[in-house]
Amino acid sequence: MVYLKDSHSHSNSNNATHSHLTPLCYYTPPPSTTKSFRSVGRSMRTIRSNVFQSEKSQPVSENLTDSVVDMRLGELANKSHIHSKPSTSSDAVDDFLEISQTFSDYSACSSDVSGELQLLASLPSLVDSDLNQGSKSEPEPEPCAGFLQRETFSTEIVEIISPEDLQPTVKICVDGLKSASIAVKRSAAAKLRQLAKNRVDNRAMIGESGAVPALISLLRSSDPWTQENAVTALLNISLHESNKSLIASSGAIKSVIYVLKTGTETSKQNAACALLSLALIDENKSSIGACGAIPPLVALLINGSNRGKKDALTTLYKLCSVRVNKGRAVSAGAVGPLVGLVGEQGTGLAEKAMVVLSSLAGIEMGREAIMEEGGIVALVEALEDGSDKGKEFAVLTLLQLCGESVKNRELLVGEGGIPPLVALSQTGTAKAMHKAEMLLMYLRESRQEASTP
């Protein structure tokens, strides 16, 4: 779960590297002369033994020069190119289009995967470019800025190296997550973040590598860049279906919520998206709500950038498909900010806000809160000035508010709701016309009842 207008910003956020760092490259061993093909589930120990089989006598050094690393990666890339079909971006698109069916047409979220998560939604998004990069002071130099951060080949060579050949590098990264050095942890998380960015097979392999518990432990790091890399790596890894349950069962939910409360702007956004990804499993929705995710999502809705607000809206919408979370959202004060966003036409926020309001209007306390926050006025204005889809969502929400409440119908009439409803019943989308006609019928019934002696 979308148009790809946000993709350039997301890509900027994920690919941000500290170009001034002194690199110390991770060692990726050269391939053995005999390539063994396997399914993703085969054990890493077996693969590693095959990779190192012909080189047992050679010492392993982590202080390789860039030229040697380039040569090693080039060998792996050439071998993978000859023996296996590379994973293409279209493969990733096809994979995530399957998931998109579980999303509303008007769900949207940001991501760290160059727009892949945006395929799970279909609403246009306008995102602040180069998000938050200017607001951060630079972290201390990393002693192990790895090869994936070197733009000269990170997208050209690594994309065609098979997961089998990347296993030793992933093992080094997983070990690095447990290092005593915060800079090593930060760099290792950044590498896993990039490895999981685009390739489904890498996400599966990293999930099997033991990286998830180590990444979860870094979500409470006092270093903001380590925390950001860790939560974004988990977001990317969670896009592989089997990893969702693994991440949730490993105790990630509370720690991701901690990032949502305490992290940088980018960390909060990616934490919201990670919760959205985990919420694709129905049983996780109640758990996420019970762990306290909704109040910080409401805070992001109020205080975040446009991108952060959209992430919060999409995650709230998904969580509020469970009735108990609707009540939690109302109690957390979500209705006031949502009503306020209805008036922000042209930003992509109004339509999403009305979708969430429509969901909250499904319970009595939600309807009462919408009325108390002046929802009728905002929705009538959306009927007059909103987009075609916005008008459709506005009339749907008004129908929920007024369908069984004579008092609310009177308020709607008093706010001048009849003229835009009549216009919508004649010129709106098919769904909007139908809903407008139903609502007008309710209003006529109320007037007839009032005029009956």
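Structure notes:
- Considering residues of the range 318-366 that are of a type in the set (A, V, I, L, M) and more than 17 Å from Thr397 (Cβ to Cβ) only, the residue surrounded by the most Cβ atoms within 10 Å (Cβ to Cβ): Leu319
- Listing of helices (runs of 4 or more DSSP H) fully contained in the range 161-259 that carry 3 or more residues being of a type in the set (S, T, N, Q): 224-238, 241-249
- Residue in the range 375-387 that is surrounded by the most Cβ atoms within 10 Å (Cβ to Cβ), counting only those that are in contact with a Gly (Cβ under 9 Å, 6 or more places away or on another chain) and small (Gly, Ala, Ser): Ala382
- Residue list for the range 260-270, filter: farther than 21 Å from Ile206 by Cα, in a helix (DSSP H, G or I) and not charged (D, E, K, R): Leu260, Thr262, Thr266, Gln269
- Residue satisfying condition, being surrounded by fewer than 22 Cβ atoms within 10 Å (Cβ to Cβ) and small (Gly, Ala, Ser), within set Gly308, Gly292: Gly292
- Boolean, Ser242 is over 19 Å from the mean Cα position of the chain (by Cα) and either under 28 Å from Ile302 (Cα atoms) or of a type outside the set (A, V, I, L, M, F, W, C) (or both): no
- Checked against (1) in contact with a Pro (Cβ under 6 Å, 6 or more places away or on another chain); (2) modelled with pLDDT of 95 or more, Gly348 passes all but a single condition, namely (2).
- Test result for Gly292, at positive phi, at pLDDT 95 or above and not aliphatic (A, V, I, L, M): yes
- Evaluated against (1) touching a Leu at 6+ places or on another chain (Cβ under 6 Å); (2) under 22 Å from Thr315 (Cβ atoms), Gly375 falls short on exactly one condition, (1).
- Count of the range 186-229 residues, restricted to those that are over 23 Å from Leu278 (Cα atoms) and either of a type in the set (S, T, N, Q) or at pLDDT 95 or above (or both), is 3.
- A single entry from Glu410, Glu384, Glu372 fulfils the requirement of being charged (D, E, K, R) and in contact with a Pro (Cβ under 8 Å, 6 or more places away or on another chain): Glu384.
- Meets criteria (within 18 Å of Leu215 (Cβ to Cβ), within 17 Å of the chain's Cα centre (by Cα) and modelled with pLDDT of 95 or more) for Cys273: yes
The values are calculated or read from the model by the stated rules, or taken from the named source; none is laboratory data. Because the structure is a prediction, the values reported are computed rather than measured. Backbone-built Cβ (ideal geometry, glycine too); neighbour counts: all protein chains shown.
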